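*Asks:* This is the structure I have questions about; it appears just below.
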Amino acid sequence: MPGVELVAVVDTNRSRAEEIASAHGTLALYDAHELLGRVGAVTIAVPTELHRSIALPFLKARVPVLVEKPIARSLEEADEMIDAAGDADVVLAVGHTERFNPALAVARPLLTDPRFIEVHRLGAFRERSLDIDVVFDLMIHDLDVVLSLVNSDVESLDAVGVPVVTNRVDIANARLKFANGCIANLTASRISREQVRKIRFFQPASYLSIDYAAQKVDLWRLVTGDGPASFDAAQDRPFDAAQDRPSIEGGEIAVPNEEPLARELADFVDAVVSRRAPLVTGEAGRRALEVAEQITDKIQAAI
């Protein structure tokens, strides 16, 4: 990235750190604390249980942090990180990468009043993020997106889920009802044979669909004619279905093909340099985590 120097790659797996550092012509380190005093910003992509312990020393040292989602393993830890960033007056950004998907950026201005939202995020089983269940691993992406789009508080929710191949929940469904009447239905699975990352919005007179993976947006609108749906005495002609009835028109909308992770990093760097809030703040990450916790509490109560 222009204007950015990759100071070091840090990993407790020494061979991996050295492999990646060598590939990018930078330094390999094995303890995050070795970076203190040497960097102007850090990105943290470690198991969720380590987010707080690694992020806090940097925030307290006034080093801006971009931390992978979920922000932390508990609201208490998230609050510690948010408070530390506030006390130091530095950027704390959360890596909800789907917010940087160019398809979502194109769709956002077209979403005026979603009344029903349907989300499917299905993935194949991978031996990663097994320290958390599918709600924190996958569904939280969509929780963050939905919460950023619906200008209302969650009024109630229901959820179900089951462990299948791990001792944690591997497939889950949640139904959120917002105070403004909007309903969001979210399904997440990490044991599917097919890869699906789609979200659909239904709002008055229009339907919008986003395929995150394909970076594709489809928009369909209800278009009404001028005449009433009845016999036209003035023109002495019967109602013409093709001319007078409402029709549904639309199709695919052009989306620039860009890498969401690159957009996420660019936003973080610009937020640091410009001293502005990042697109996904610590508070936004906390809100998604809070709803995710409510969902998992519902699921555990039913298991």
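The values are calculated or read from the model by the stated rules, or taken from the named source; none is laboratory data. What you see is a predicted model, and the numbers here were worked out from it, not measured in a lab. Backbone-built Cβ (ideal geometry, glycine too); neighbour counts: all protein chains shown.
*Asks:* Sort out which residues of the range 131-189 are acidic (Asp, Glu) and modelled with pLDDT of 95 or more, and write them in order of number.
*Replies:* Listed by number, the residues that qualify are ASP142, ASP144, ASP153, GLU155, ASP158.
*Asks:* Is it true that some residue in the range 135-154 is β-branched (Val, Ile, Thr), assigned to a loop (DSSP other than H, G, I, E, B) and touching a helix residue (DSSP H, G or I) at 6+ places or on another chain (Cβ under 7 Å)?
*Replies:* Looking through the range 135-154, none of the residues is β-branched (Val, Ile, Thr), assigned to a loop (DSSP other than H, G, I, E, B) and touching a helix residue (DSSP H, G or I) at 6+ places or on another chain (Cβ under 7 Å).
*Asks:* So ARG126 passes all but one of these: (1) touching a helix residue (DSSP H, G or I) at 6+ places or on another chain (Cβ under 6 Å); (2) in the same structural domain as VAL169 (by TED's automatic domain parsing); (3) surrounded by fewer than 24 Cβ atoms within 10 Å (Cβ to Cβ). Which condition number does it fail?
*Replies:* (1)
*Asks:* Could you list, in sequence order, the residues of the range 50-91 that are under 16 Å from ASP11 (Cβ atoms) and exposed (fewer than 15 other Cβ atoms within 10 Å of the Cβ)?
*Replies:* Answer for the range 50-91, where residues must be under 16 Å from ASP11 (Cβ atoms) and exposed (fewer than 15 other Cβ atoms within 10 Å of the Cβ): just SER53.
*Asks:* Part of a loop (DSSP other than H, G, I, E, B), in contact with a His (Cβ under 9 Å, 6 or more places away or on another chain), in contact (Cβ under 8 Å) with a residue 24 or more places away in the chain and not assigned by TED's automatic domain parsing to the domain that holds ASP144 - does that describe any residue in the range 49-58?
*Replies:* No.
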